[in-house]
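Participant: What follows is a single structure, and I will ask about it in a moment.
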Amino acid sequence: MTEFPLPGAPPRLLDDEAMQGFIREGYVALKSELPREFHDRMHDALDALDERGPLGHNNLLPCVPELARLLDEPVVRGALTSILGPGYYLHFHRHDHFSLFNEAQPLHKDGDNHSHNAVDGLRRIHRTRFAMLFYYPQDTPPEKGPTGIVPRSQYVPRRALEAARYRLNEFNNRLRKEIETEIGESAFSPRGRELWQERRQRFHAENPETMAKLKALDEPWESAKIPLTGDAGTFTIVHFDMVHGRYSANTTDLSRHMVKFLFTRDREPVGPAWNGSGARWPGENDPLEPIWRASWDWHCHTASERRGFEMASALDALDGTNDHRALGAAYTLGTQAKWRKDGLEALFDRFLGDDLGRRVVATYGIVAAGEAGVPHLLEALHAADAQLAARIIDVLGDIGPPAASALTELTSATRHLDVNVRRYAAEALGTVAQGTHFDAKILAGPLADEDALVRRNAALATARLTPEIGSRDDLVPALAENLYHWHHHVRGWSIEALQRLGSSAARNVALRYLSAARWDPMPKSGDTPTGAPAPKGVVKAVTML
């Protein structure tokens, strides 16, 4: 009988070198210690699922509950603990990327709707509050169509490329609405897809310069991608904003699965969570080095060191079109803000300006400035319109506990008339209020907001603030109500918050809901062994699990 590691076994933590590699490259590749027979079994079970149907996607674990054994492995828990801290939790989104006779996939960053929503559609979060795990249950050589990634791409906003894609997406959205109005059915219906393909091809033919420009902007990323190959049981943990896509076509006649799990940080770092000393970042000659150094300091919970730099050169880079150099300059100005006030002023000048690209880059520098930038943010917030208020609150939330002096303003913002402001305010409380005396009742209003994403962010904030909230049950009724909300994000964060609150009332509500919501992947099947004939009335594809 095969023995599996117990969930309580000590996690196998990363060391300094591996953790620095993750911060720099954006990924760490490891190997499961479970036996080959386990991965073979997972492959066969996944083969029977419908990638996008009810037997798949976010229902993967109810369909193949044994997959959870992989997530309980010491090597998996150790890597995730090192990167996300000891209180990380499994996000409710997961997906099996199935490949058979597929072509290569365009490179992309995952949509941010599963986590923090990017301000202006571009300003993502550099700090590792979310991470993804890619798992292969089968050997995946190049001919199997492995996942491809672009190392060191996780921090880069790709401003020119994303702007070009945004304009193309605007066309796609208009086209979808036109088709649905014209035929009175979904653009994803057979007739809708036929019209979609026909009109997209016409657009491409009539706009060769636009398509050539997009291809030219994408080419450097395609040239830099590498394949994530490996034996069965290989898994890779990547930064949530890693540029990735299927590296190449699966040219075999065998299926390829890549199961993606998403994980969420619970608490802001208070020191190294890996097996290391948290020594200073080694100096490197790279434009992105200031970002790596600042990320390392954030993970170690140490202050930035004073470093010399030339202001004129930094400002030239900050205003330039080279994403790498501009980001490096923004971080340099931000981390040195306590010694060079003129650098912080330059960041705010661009943050409050109208140029989207410069504004986004400057934002990262203000986050890196931490507490030094908070008074300026609050001053701007007091006179801000709704759009600017959302941007400012987004930055305060990213700064986290050093922005605790803004809690009064964030609390007021949860009652703002603009829904976008309320969304960012509810989320920001979950990071900024950590380590403070926090009144749980502040989240009662957001948990009952008419907007689903305000509720979602308030539930996430509740989960993150359970040490501050304690065992009080003020929020249990609202969270219990949200277990039946129409939006699965609201349900997902609410059940996590209830489990983390830890009181008997919260725990009982969570257990009753989970017992009722439990999904049997083999309904009415009894105890049918794998491969046995299907009992009467059971769909064969289901019993193949």
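The values are calculated or read from the model by the stated rules, or taken from the named source; none is laboratory data. Bear in mind the structure is a predicted one, so any value in this text is a computation, not a measurement. Quick reminder, even Gly has a Cβ in these numbers, built from the backbone with ideal geometry, and neighbours come from all protein chains shown. Surface accessibility is based on the protein's heavy atoms, side chains included, excluding ligands, DNA and RNA. Shrake-Rupley method; radii C 1.70, N 1.55, O 1.52, S 1.80 Å.
Participant: From the list (1) 28.8, 95; (2) 22.4, 71; (3) 24.1, 77, can you say which value of Rg and Dmax of the Cα atoms in Å was derived from the structure given?
Facilitator: The value matching this structure is (3).
Participant: Enter the accessible area of Tyr513 (Å², nearest 10), with the probe set to 1.4 Å and all protein chains included.
Facilitator: 40 Å²
Participant: For q = 0.13 Å⁻¹, what log10 I(q)/I(0) does region 440-507 give under the Debye formula with an equal point scatterer on each alpha carbon and no solvent?
Facilitator: For the requested q values the scattering log ratios are -0.26.
Participant: When ligands, DNA and RNA are left out and all protein chains stay put, how many square angstrom of accessible area per residue does region 158-271 have with a 1.4 Å probe?
Facilitator: Working: 5830 Å² over 114 residues.
I get 51 Å² per residue for this part.
Participant: Still on this structure, I have one more. Seen from all sides and averaged, what is the projected area of the convex hull of the Cα atoms in region 167-326, in nm²?
Facilitator: 16.3 nm²
Participant: Okay, helix-only estimate at 222 nm for the chain: each DSSP H run of n ≥ 4 adds -39500 (n - 2.57), divide by all residues, round to 500 deg cm²/dmol; what do you get?
Facilitator: Calculated from helices alone, the mean residue ellipticity at 222 nm is -14500 deg cm²/dmol.
Participant: Given that compact globular proteins tend to follow 2.2 N^0.38 Å, what is the ratio of the alpha-carbon Rg of region 323-446 to that value? Could the numbers behind the result be given before it?
Facilitator: Numbers: Rg = 14.2 Å, N = 124, 2.2 N^0.38 = 13.7 Å.
Against the compact-globule rule of thumb, the ratio is 1.04.
Participant: Could you sort 116-125, 195-204 so that the peptide with the highest average Cβ count within 10 Å comes first and the rest follow in order? Write out the running numbers ahead of the final one.
Facilitator: Values: 116-125: 19.3, 195-204: 13.4.
Taking the mean over residues of other Cβ atoms within 10 Å, the ranking is 116-125, 195-204.
Participant: Still on this structure, I have one more. Return the distance in nm (one decimal) between the two label points of a simple spin-label model at Asn113 and Ala212, each offset 7 Å from Cα along Cα→Cβ.
Facilitator: 3.5 nm
Participant: Take every DSSP beta bridge whose two residues both sit in the chain, then give the antiparallel share in percent to the nearest 5.
Facilitator: On the way: 32 of 33 bridges.
Restricted to the chain, the bridges split so that about 95 percent are antiparallel.
Participant: Each label point is 7 Å from the Cα along the Cα-to-Cβ direction; what then is the distance between the points at Ala303 and Ser255, in nm?
Facilitator: Simple spin-label model gives 5.7 nm for this pair.
Participant: Check the chain and count each lysine pair with an alpha-carbon distance under 20 angstrom, considering only pairs eight or more places apart or from different chains.
Facilitator: 13
Participant: What order do Thr181, Thr81, Thr302 take when sorted by accessible area (1.4 Å probe), most exposed first? Walk me through the numbers on the way to the answer.
Facilitator: Details: Thr181 120, Thr81 20, Thr302 55 Å².
Ranked from most to least accessible, the order is Thr181, Thr302, Thr81.
Participant: Could you report the accessible area of Phe309 in Å², rounded to 10, computed with a 1.4 Å probe on the protein chains as they sit in the structure?
Facilitator: 50 Å²
Participant: What is the distance, in nm, between label points placed 7 Å from the Cα along the Cα-to-Cβ direction at Lys338 and at Glu185?
Facilitator: 6.4 nm
Participant: About the Cα centre, and with charges only on the beta carbon of Lys, Arg (+1) and Asp, Glu (-1), how big is the dipole of region 31-190? Nearest 20 debye, please. Mind showing how you got there, number by number?
Facilitator: Values: 21 positive and 23 negative charges, 214 e Å.
Roughly 1020 debye, rounded to the nearest 20.
Participant: Which value, in debye to the nearest 20, gives the size of the charge dipole of region 134-184 about its Cα centre, when Lys and Arg are +1 and Asp and Glu are -1 at the Cβ? Don't skip to the answer; put the middle values down first.
Facilitator: Working: 9 positive and 7 negative charges, 69 e Å.
Taking the Cα centre of region 134-184 as origin, the dipole is about 340 debye.
Participant: Also, quick follow-up: Using a simple charge model, +1 on the beta-carbon of Lys and Arg, -1 on the beta-carbon of Asp and Glu, nothing else, what dipole does the chain show about its Cα centre, in debye to the nearest 20?
Facilitator: Details: 64 positive and 73 negative charges, 114 e Å.
My answer is approximately 540 debye.
Participant: I would also like to ask the following. Taking amide H atoms as placed 1.01 Å from N in the peptide plane, list the residues 5 or more away in sequence, or in a different chain, whose amide H sits under 5 Å from that of Gly230.
Facilitator: Distant-sequence amide H within range of Gly230: Thr140.
Participant: A follow-up question, please. For region 23-155, which whole-number percentage of the solvent-accessible area (1.4 Å probe, protein heavy atoms only) is attributable to carbon and sulfur atoms? Could the numbers behind the result be given before it?
Facilitator: On the way: 2360 of 4480 Å².
Carbon plus sulfur share of accessible area: 53 percent.
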